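Here's the structure we're looking at; comments come further down.
The values are calculated or read from the model by the stated rules, or taken from the named source; none is laboratory data. Computed from a prediction, not measured in an experiment: that's the story for all the values here. A quick note on method: Cβ atoms are made from the backbone with ideal geometry, for glycine too, and the neighbour counts reach across all protein chains shown. SASA here: full protein model, heavy atoms, side chains in, ligands and nucleic acids out. Shrake-Rupley method; radii C 1.70, N 1.55, O 1.52, S 1.80 Å.
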Amino acid sequence: MTEIQNRQIRLAARSVGLPKPEDWEFTTEAALQPAEGEALVRVSYLSLDPAMRGWMNEGKSYIEPVAIGEVMRALGVGQVVVSNDPSLAVGDFVTGLTGVQEYAVLKAKHVTKVDPRLAPLPVHLSVLGMPGMTAYFGLFAIGQPKAGETVVVSGAAGAVGATVGQLAKIPGCRVVGIAGGRDKCKYIVDELGFDAAIDYKCEDIAKSLQEHCPNRIDVYFDNVGGDILDACLAHLAMKGRVVVCGAISQYNNTTPVRGPSNYLSLLVNRGRMEGMVVMDYAGRFGHAVRDMAKWMAEGKLKSREDVVEGLETFPETLLKLFTGENFGKLVLKVA
Ligand code: NAP
């Protein structure tokens, strides 16, 4: 077999604030050969996730930080080009932690086969992938919404948030989304069926929550933290639940993360605030994907991807997540 050249993007420095171009190093080297139990995968699409910002930091988290000089960690979907494991055939499509590179050697037991006939490949990184699983388990296992309850979700036009809102309509909840800008707010109401939207960039959030949530908030699915979390805590219903999924407003802070000042609302309302990490539910993904695929086929669930082309655009494309320029699940087309 002729040698395959593999372009990669490695972490060169730990970012302070928003990642800068010099925090990345571009390398090209020969693709590794898969050993017994492994496969060589040609990466088709990469998932660009807010969590990447946390993986770049030193210190304890739910996963080891990416080391300086290491290929940047990323979820991807791609096609098997060489297989040294009987469970994978050349031509199979798989998802896994491919990293930001064109070719990845992955252990067969660490990848999931996907069916490209079920949905286009980017959807397997979106509603049928990690963000979809986050929405499904964060909402149903932690938020536990019941018919007639009010669910509020922030980051509502994004990969996780848009899915949370649509899923909350299924058991019959009133759904209010908080997103940045008129277009995103219009989209979640007109296209996705949310009951109302709040544009946090130009509305008084507390006032709008009172208007759109007359029975207060039973479930707040938090993707952003900061002021929006505080405003939602202040409007919690009795026995309200707050799902701590993410805090994107805090990820590029150069000062310590700002905690909620309205947390005593949990005491007054006998509320609950609980964190979730999607990988804790990995054993149940198969069941959730079947549910999600069925809801997609029934027209109850839509997936929107924002696809940008070119591995080399990774440094600037990643920033779209933090400026709100992405509209839908941010995906990088590699091959
Ligand atoms: P996304 O929503 O598709 O993209 C990020 C969005 O965040 C941007 O489009 C922007 O939307 C919003 N945003 C950026 N800066 C903001 C700020 N300062 N204040 C308010 N909103 C801001 O991203 P995603 O992949 O679905 O992730 C959403 C959240 O879920 C993130 O916090 C992520 O870390 C978390 N997450 C957690 C898990 C887990 O296991 N716990 C798994 C996956 C994701 P606007 O234009 O509306 O501002």
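Summary table below
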item	result
Hits in the stretch 259-279 - residues which are away from the ligand (no atom under 14 Å from the Cβ) and touching a strand residue (DSSP E or B) at 6+ places or on another chain (Cβ under 7 Å)	SER265, LEU266, ASN269, ARG270, GLY271, ARG272
Within the stretch 323-335, considering residues that are open to solvent by 30 Å² or more (accessible area, probe 1.4 Å), farther than 25 Å from LYS169 by Cα and of a type outside the set (D, E, K, R), the one farthest from the ligand (Cβ to nearest atom)	ALA335
Residue identified as more than 16 Å from the ligand (Cβ to nearest atom), open to solvent by 50 Å² or more (accessible area, probe 1.4 Å), within 26 Å of GLY283 (Cβ to Cβ) and in contact with a Gly (Cβ under 7 Å, 6 or more places away or on another chain) among LYS107, LYS113	LYS107
Any pair with Cβ under 6 angstrom, 6 or more apart, that starts in the stretch 69-92 at a residue that is farther than 24 Å from VAL278 by Cβ and ends at one that is assigned to a loop (DSSP other than H, G, I, E, B)	VAL80/LEU88; VAL80/VAL90; VAL80/ASP92; VAL82/PRO34; SER83/VAL90; ASN84/PRO34; ASN84/GLU36; ASP85/GLY37
Qualifying positions in the stretch 174-203 - within 13 Å of the ligand (Cβ to nearest atom) and in contact (Cβ under 8 Å) with a residue 40 or more places away in the chain	ILE178, GLY180, GLY181, ASP183, LYS184, TYR187, ALA197, TYR200
Extreme residue, farthest from the ligand (Cβ to nearest atom), among residues of the stretch 289-322 that are farther than 27 Å from ARG42 by Cβ and open to solvent by less than 70 Å² (accessible area, probe 1.4 Å)	GLY299
Which listed residue is more than 13 Å from the ligand (Cβ to nearest atom), open to solvent by less than 30 Å² (accessible area, probe 1.4 Å) and either in a loop (DSSP other than H, G, I, E, B) or more than 17 Å from ARG216 (Cα to Cα) (or both), from PRO171, PRO145	PRO145
Residue satisfying all of: in the stretch 148-161; within 9 Å of the ligand (Cβ to nearest atom) and in contact with a Lys or Arg (Cβ under 7 Å, 6 or more places away or on another chain); nearest to ILE198 (Cα to Cα) among these	ALA157
Residue in the stretch 237-246 that is over 23 Å from MET133 (Cα atoms), open to solvent by 40 Å² or more (accessible area, probe 1.4 Å) and not β-branched (Val, Ile, Thr) present	yes
Neighbours by Cβ (under 7 Å, 6+ apart or cross-chain): first from the stretch 105-119, touching a residue at least 40 places away in the same chain (Cβ under 8 Å); second surrounded by fewer than 13 Cβ atoms within 10 Å (Cβ to Cβ) and not β-branched (Val, Ile, Thr)	ALA108/SER87
Where PRO50 falls short, out of the listed (1) within 15 Å of the ligand (Cβ to nearest atom); (2) farther than 30 Å from PRO214 by Cα; (3) touching a residue at least 40 places away in the same chain (Cβ under 8 Å); (4) open to solvent by less than 10 Å² (accessible area, probe 1.4 Å)	(4)
Positions within the stretch 204-222 being more than 24 Å from the chain's Cα centre (by Cα), within 16 Å of the ligand (Cβ to nearest atom) and in contact (Cβ under 8 Å) with a residue 40 or more places away in the chain, in sequence order	LEU209
